[in-house]
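Colleague: Encoded as C-alpha cells, here's the structure I'll be asking about.
All of the numbers you see were taken from the coordinates with simple rules; none came from a lab. Owing to the predicted nature of the structure, the values given are computational and were not obtained by experimental measurement. Quick reminder, even Gly has a Cβ in these numbers, built from the backbone with ideal geometry, and neighbours come from all protein chains shown.
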Amino acid sequence: MRKKLVAGNWKMHKTRKEAADLVCAILAELGGGSSCDIAVCPPFTALDTVAPLLKGTPVALGAQNVHWEVHGAFTGEISAVMLKEIGCVYAIIGHSERRQYFGETDQTVNARARAALTAGLLPIVCVGETLAQRDGGETEKVVEAQVRRGLADIPADQWSRVVIAYEPVWAIGTGRTATPQQAQEVHALIRRIIAEMAGATVAQGLRILYGGSMKPANARELMSRPDIDGGLIGGAALEAKSFVDIVRASA
Ligand code: PEP
C-alpha cells in the first residue's frame, strides 16, 4: 500500500514573513497528525525561515528546483547538498513552468533528479503534455518520453525514493482539471513504463501524484483512483484551509 503524499508548490509566492504565517496557519489547521505525507515547497529565500517551524511536525520541507552539481560556477543555482543542509526532504524537478520558461529539458531533469537522489533528497519529477499535444493525440508518446529520459539511469537502490508528478500543462493554474479517468489513464501508463524500466516491485511502490488545479472539491475523487497517490498543489496550497482540506481528502 503506497502512502499518499500531498505537496504544496508555492512557486514565486510568499516573502519570508508570509511564508512563516502560512506554515503556522497550516500547522494550526492540521491540528496534529495526518495519515498521508505532507510537504510544502516555498521559494528558496523562505526555506531557512520555514525549516525550524516544521521541525517535529508532520509537514516536510521541499525545494522547487535543484542543480546537478554539488558546487561550482553556476550563478543563480542551488545544490542538493545546500538544500539538505537547510532541512529539505523533497525537491520538485522539471516543473512545466521550468520547462516552458527556463529551458529545462529531459536531460537536465535527469541530471537534477540523479543529483537529488545522491544527496539523499526525494525528487518529485514532473511530466505532462501540453494542450496541443493532448489534442493531437500525443499524450502517451510525450509522457513516455519524459519519463524514460527524465528517469534514465536511476540506480536500482534509489528508485524507492523517486516520486513522479503527472501534471497536464493545460490543467496547471487554469482551473481546468483532468477528469479522474483521464488522470488515472496516464498514471497507469506511467506505472507500466516504470515497471519496464525498473521492475514490477519498484513500479508498485512508486508514488505518482496528480497536479493541475487540484482543489478541495475535486481532490477526493482524483485521489480515490487506484494509481493516483496524492497531489502536487499550486494555487490551493497558498491558503492553509484549502491545502489542509486537500490533505484530508487524501485519507
Ligand atoms: C503546479 O504548479 O504544480 C500546480 C499543480 O498548480 P495549480 O494547482 O495551481 O494548477
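Colleague: If the reach is capped at under 20 angstrom between alpha carbons, list the lysines near LYS17, excluding any in the same chain fewer than eight residues apart.
Modeller: Within the straight-line cut-off, LYS17 pairs with LYS55, LYS241.
Colleague: Determine which residues of the stretch 190-231 fall in the zone a paramagnetic label at GLU239 would reach in this model, i.e. backbone nitrogen under 18 Å from the point 7 Å along Cα→Cβ.
Modeller: 212-220
Colleague: In deg cm²/dmol and to the nearest 500, what is the mean residue ellipticity at 222 nm of the chain if only DSSP H runs of at least 4 residues count, each as -39500 (n - 2.57), divided by the residue total?
Modeller: -13500 deg cm²/dmol
Colleague: Same structure again: Fewest first, what order do HIS71, HIS13 take by the number of other Cβ atoms within 10 Å?
Modeller: HIS71, HIS13
Colleague: Additional query: Among the aspartates and glutamates, which fall within straight-line cross-link reach of LYS215, defined as a Cα-Cα distance under 18 Å, with same-chain neighbours fewer than 8 residues apart omitted?
Modeller: GLU29, ASP37, GLU167, ASP229, GLU239, ASP245
Colleague: Also, quick follow-up: Using the C-alpha gyration tensor of the chain, what are the square roots of 5 times its eigenvalues, in whole angstrom, with the largest one first?
Modeller: Result for the chain: semi-axes of 25, 22, 17 Å.
Colleague: Also: Quick one: which of 82-89, 161-168 comes out on top by average Cβ neighbours within 10 Å, and what's the full order, highest first?
Modeller: Result, highest mean first: 161-168, 82-89.
Colleague: Let me ask something additional. Pull up all non-local amide H partners of ILE78: gap of 5 or more, or a different chain, and H-to-H distance under 5 Å with H placed in the peptide plane.
Modeller: Result for ILE78 returns HIS67.
Colleague: Right, here's the next one. Roughly how many whole Å is it from the C-alpha centroid of the stretch 59-102 to that of the stretch 163-207?
Modeller: What the calculation gives is 22 Å, centre to centre.
Colleague: Could you list the GluC sites (Glu not before Pro) in the stretch 145-251 that lie in coil according to DSSP, counting only those with at most 10 other Cβ atoms within 10 Å of their Cβ?
Modeller: none
Colleague: For the stretch 107-145 and the stretch 1-56, what is the centre-to-centre distance using only Cα atoms, to the nearest Å?
Modeller: That distance is 24 Å.
Colleague: Amide H to amide H, which residues 5 or more places from GLY8 or on other chains are under 5 Å from it, using H placed in the peptide plane?
Modeller: For GLY8, whose amide H was placed from the backbone, the distant partners under 5 Å are ALA39, VAL40, CYS41, ILE233.
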